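Beneath this line is the structure, given in structure tokens, with notes to follow.
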Amino acid sequence: MKLLIIVNEDRFFLSHRKEVALAAQKAGWDVTVVCKDTGQRKDVEALGLEMLELPVNPTGMNPIQEFKTWRFLHRLYRKNRDAIVHHVGLKNILWGGLAAKLARIHGVVNAVSGLGTIFSGDKLGMTAKGILAIMQFSNKRKRVKVIFQNQEDKSLFLRYGVVAESQVEFIKGSGVDLNDFKYVPEPENETLKVVFSARMVKEKGVIELIEAAEQLRQAYEGKVEFWLCGRLAVNADAVSKEELETRCDGKYIKWLDFQKDMKSVLEQCHIMAFPSYYREGVPKSLIEACAVGRPIVTTDSVGCKDVVDDGVNGFLVPARNSEALAQKLRILIDDKDMRVRMGKSSREKAEREFDITGVVNKHLEIYNMVKSK
């Protein structure tokens, strides 16, 4: 049976869904990846997977572009009515779910991997409510499963009637290959390194981390380095290249751009800092930091808090609070024994909760449920 996996970009597929697709292919599914080509199509096809180009602007809201995305998916689904489609991410769930219902495709799996700032805050705006209404309409049909990564997103969808309890599945994050991301003791050198990994957007907390680093500069310059790893973004909340180059001196605070080998970066570092206030699913960067065995300082916000047991494998701090972030970083910088202890706890948490094997097996189970209903 055909399985269409719909994600925003090829690089996201390779970092977050590759193992699931390969396992499905091995289990007999005819797998096609549908995503935007950012230059890594050859890497997807080298895995033996077919890839189709998805006309999508992952961060845009241009009505004409949004219609083109929906129309492409609707036409694709009409040609593949006997398929199962797996939508990953809010925009793909929104337009793909609607297209799948109207095309009467066999079955749908929707993976909610983060809702973003539209759904942040105590009250939902009209845009958020409109999105939920469309998804509610799309989900009212047979053979639909919705995967959540955190309890808050699950509760929100249930509260607004977007899903029925019988449609809900839970997988805590995208998982990590624990045989690849192995526990590595922190490096023994004089310069302690704090790493951050995300797109360079304000919602991910990059400005708060830079502010915290500046608060610690007088005490730790020459002894500590802050490594900011991530590509530039194009959305309205992006941090510009000019601002990064102004704020990062290249010695104490370094912007290293996108790093393809984050495992190596994590192995060189001592602490993961991720002060995001974006409404995350469960951040992959934090899962990988857990697996390598690093203490984590992140925010007490949706998704992020699912990776840290406060005081056990790291610290939770309030969102948009550089002073609290600096305080917890100072504690870890000054206490090697605590870093080592928390790092080992991170690895133990990864082994309990984030093993890719369990994530893959659960996806295959869900595909088969949708197939057979």
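For this structure, a couple of remarks:
- M200 falls short on exactly one of the conditions (1) at pLDDT 95 or above; (2) outside the structural domain of L286 (by TED's automatic domain parsing), and that condition is (2).
- From the options S197, S174, residue that is surrounded by 19 or more Cβ atoms within 10 Å (Cβ to Cβ), polar (S, T, N, Q) and under 30 Å from M369 (Cβ atoms): S174
- Among the residues of segment 339-363, those identified as surrounded by 16 or more Cβ atoms within 10 Å (Cβ to Cβ) and of a type in the set (A, V, I, L, M) are M342, A350, I356, V359, V360.
- Per-region count, segment 104-127, residues assigned to a helix (DSSP H, G or I) and surrounded by 19 or more Cβ atoms within 10 Å (Cβ to Cβ): 1
- Single condition S155 does not satisfy, out of (1) in contact (Cβ under 8 Å) with a residue 12 or more places away in the chain; (2) closer than 30 Å to S138 by Cα: (1)
Every residue, every condition in (1) among the small types (G, A, S); (2) out of contact with any strand residue (DSSP E or B) (no Cβ under 6 Å at 6 or more places or on another chain); (3) surrounded by fewer than 16 Cβ atoms within 10 Å (Cβ to Cβ), yes or no:
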{"site": "H87", "(1), (2), (3)": "no, no, no"}
{"site": "L98", "(1), (2), (3)": "no, yes, no"}
{"site": "L102", "(1), (2), (3)": "no, yes, yes"}
{"site": "F148", "(1), (2), (3)": "no, no, no"}
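- For segment 63-79, filtering for residues that are surrounded by fewer than 16 Cβ atoms within 10 Å (Cβ to Cβ) and touching a residue at least 40 places away in the same chain (Cβ under 8 Å) leaves 0.
- Restricting attention to segment 7-18 and to residues that are within 14 Å of H86 (Cα to Cα) and either outside the structural domain of G107 (by TED's automatic domain parsing) or out of contact with any Cys (no Cβ under 7 Å at 6 or more places or on another chain) (or both), the residue that is surrounded by the most Cβ atoms within 10 Å (Cβ to Cβ) turns out to be R17.
- Members of segment 41-62 found to be crowded, with 16+ Cβ neighbours inside 10 Å, more than 22 Å from D30 (Cα to Cα) and not hydroxyl-bearing (S, T, Y), listed by number: V56, N57, P58
- Residue match in segment 181-191 (condition: crowded, with 19+ Cβ neighbours inside 10 Å and touching a strand residue (DSSP E or B) at 6+ places or on another chain (Cβ under 6 Å)): no
- Meets criteria (crowded, with 18+ Cβ neighbours inside 10 Å, touching a residue at least 60 places away in the same chain (Cβ under 8 Å) and not hydrophobic (A, V, I, L, M, F, W, C)) for K204: yes
- V370 vs. criteria in a loop (DSSP other than H, G, I, E, B) and either of a type in the set (S, T, Y) or modelled with pLDDT of 95 or more (or both): no
- Any hit, segment 278-286, residues being of a type outside the set (F, W, Y), surrounded by 24 or more Cβ atoms within 10 Å (Cβ to Cβ), within 30 Å of I84 (Cβ to Cβ) and at pLDDT below 95: yes
- Condition check for Y220: aromatic (F, W, Y) and over 30 Å from V108 (Cβ atoms): yes
- Restricting segment 26-40 to residues that are surrounded by 17 or more Cβ atoms within 10 Å (Cβ to Cβ) and outside any strand (DSSP E or B), the residue that is modelled with the highest pLDDT: W29
Residue-by-condition table, conditions (1) under 18 Å from W70 (Cβ atoms); (2) touching a Leu at 6+ places or on another chain (Cβ under 7 Å); (3) assigned by TED's automatic domain parsing to the domain that holds V88; (4) at pLDDT below 90:
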| site | (1), (2), (3), (4) |
| --- | --- |
| L102 | yes, no, yes, no |
| V109 | no, no, yes, no |
| T117 | no, no, yes, yes |
| D122 | no, no, yes, yes |
| G130 | yes, no, yes, no |
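- Scan of segment 228-259 for residues that are buried (at least 20 other Cβ atoms within 10 Å of the Cβ) and assigned to a strand (DSSP E or B), ordered by number: L228, C229, I253, W255
The values are calculated or read from the model by the stated rules, or taken from the named source; none is laboratory data. Predicted model, so just to flag it, every value in this text is computed and none were measured. Note that we place each Cβ from the backbone using ideal geometry, even for glycine, and neighbour counts take in every protein chain shown.
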